[in-house]
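Taking it in order: structure first as structure tokens, then the write-up.
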Amino acid sequence: MDGSLFETPDNPVPGGAVSGMLTMPDGKRIRYARFPATGRPLLGTVVIVPGRNDFIEKYFETIRDLGARGFGAAIFDLRGQGGSDRLLHDPNRGFIADFQDYANDLGPFFDDVVLPDCRGPYYLLAHSTGALVSLLATRHLYNRVERMVLLAPLLGFPGQSYTMRKAAPISSFLHAIGLGSMYVHGGKPNGVPPFAGNPLTSDPQRYKRNAEIATTHPALCIGGVTATWVRAAGEAITRVNDPEFLARIRIPMLLVGAGDDTVVSTPAIEEYARKLRTGSLVVVDGARHELLQEADVFREQVLAAFDAFIPGSE
């Protein structure tokens with residue numbers, strides 16, 4: 001891809017967008033975009049780190065919400081997904097060898113996009129996998145980011161689902177014998193599942209909007225996770241739970257859990273918040289995993305928590 005942004009009738013590109021491709025030190029390119037604030041006074045910039053199988057276009061509504069509050073926004077697609085370079089010959093497979101590879105991209109993104117072109121102070125808003133990546137990246141963020149809001153962070157898997165405890169040994173074995181690119185847990189090429197019973201949102205309109213983006217621009221999407229991705233996720237979760245790692249976190253953080261999340265473990269989020277010296281917690285009862293794509297009754301609670309936590313918001 002060339003860094004372009006894509007729109008649909010229900011999801012136009014916010015005004016003033018600047019987008020492109022940023023080359024990382026290892027040669028992989030990530031797609032990024034930045035957007036100006038539309039409201040006044042100007043309050044700084046929110047750096048958005050999306051989740052797995054997310055892409056910039058899913059955040060257009062949130063970018064408008066932030067813009068109206070006086071915040072610019074800067075966002076990029078994680079390597080291997082969205083409009084960023086894929087990591088395997090098969091572009092559908094969700095793959096990463098080490099979550100630190102995701103986290104390391106935040107440094108160049110700040111150096112080459114955020115600091116030169118976006119107004120400070122800087123805040124971070126991250127979802128799910130992106131929240132775990134942001135925790136790993138805190139060494140890139142000290143003295144840059146004032147506060148972090150982590151939505152449904154991937155810190156564990158629900159006990160009733162295909163848990164990390166079950167997946168980790170299988171995934172590690174497949175990785176060790178050179179089959180790490182195999183799908184696990186019923187992985188399959190990209191596609192749009194039906195709304196009924198989906199674990200992401202209870203809002204039919206936002207679901208329809210996101211499904212339309214995915215069907216109109218299928219190259220933005222990826223399929224299920226691979227064995228190596230699951231192995232890397234487990235290692236990253238272990239890393240951020242290490243007491244020495246936790247002790248080094250000094251950036252104030254708000255963790256927001258979804259009460260009806262079946263994708264990540266809300267109890268694990270609650271436990272992690274208790275461990276953080278600088279952490280606080282909100283759980284949105286009844287919400288599903290994608291808090292910013294949820295129905296207004298849930299989404300407005302998330303935005304209210306953001307406003308209460310981020311200086312200058314109202």
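Computed quantities for the displayed model
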{"item": "Qualifying residues in the stretch 283-304 (those that are touching a residue at least 12 places away in the same chain (Cβ under 8 Å) and surrounded by fewer than 20 Cβ atoms within 10 Å (Cβ to Cβ)) - the one nearest to T45 (Cα to Cα)", "result": "L303"}
{"item": "Filter pass, S181 being hydroxyl-bearing (S, T, Y), at pLDDT below 95 and assigned to a helix (DSSP H, G or I)", "result": "no"}
{"item": "Qualifying residue in the stretch 98-116 (condition: touching a Gly at 6+ places or on another chain (Cβ under 8 Å) and either at pLDDT below 95 or part of a loop (DSSP other than H, G, I, E, B) (or both))", "result": "no"}
{"item": "Scope the stretch 33-47; condition closer than 23 Å to A219 by Cα and surrounded by fewer than 24 Cβ atoms within 10 Å (Cβ to Cβ); matching residues", "result": "R34"}
{"item": "Lone qualifier among G72, G67 - being in contact with a Pro (Cβ under 6 Å, 6 or more places away or on another chain), without any contact (Cβ under 8 Å) to a residue 60 or more places away in the chain and closer than 26 Å to D296 by Cβ", "result": "G72"}
{"item": "Failed item in (1) of a type outside the set (S, T, N, Q); (2) modelled with pLDDT of 95 or more; (3) closer than 30 Å to V145 by Cα, with E212 passing the rest", "result": "(3)"}
{"item": "Complete set of residues in the stretch 187-206 that are surrounded by fewer than 20 Cβ atoms within 10 Å (Cβ to Cβ) and in contact with a helix residue (DSSP H, G or I) (Cβ under 8 Å, 6 or more places away or on another chain)", "result": "N190, V192, F195, N198, S202"}
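The values are calculated or read from the model by the stated rules, or taken from the named source; none is laboratory data. Computed from a prediction, not measured in an experiment: that's the story for all the values here. With ideal geometry, Cβ positions are generated from the backbone for all residues, glycine too; neighbour counts draw on all protein chains shown.
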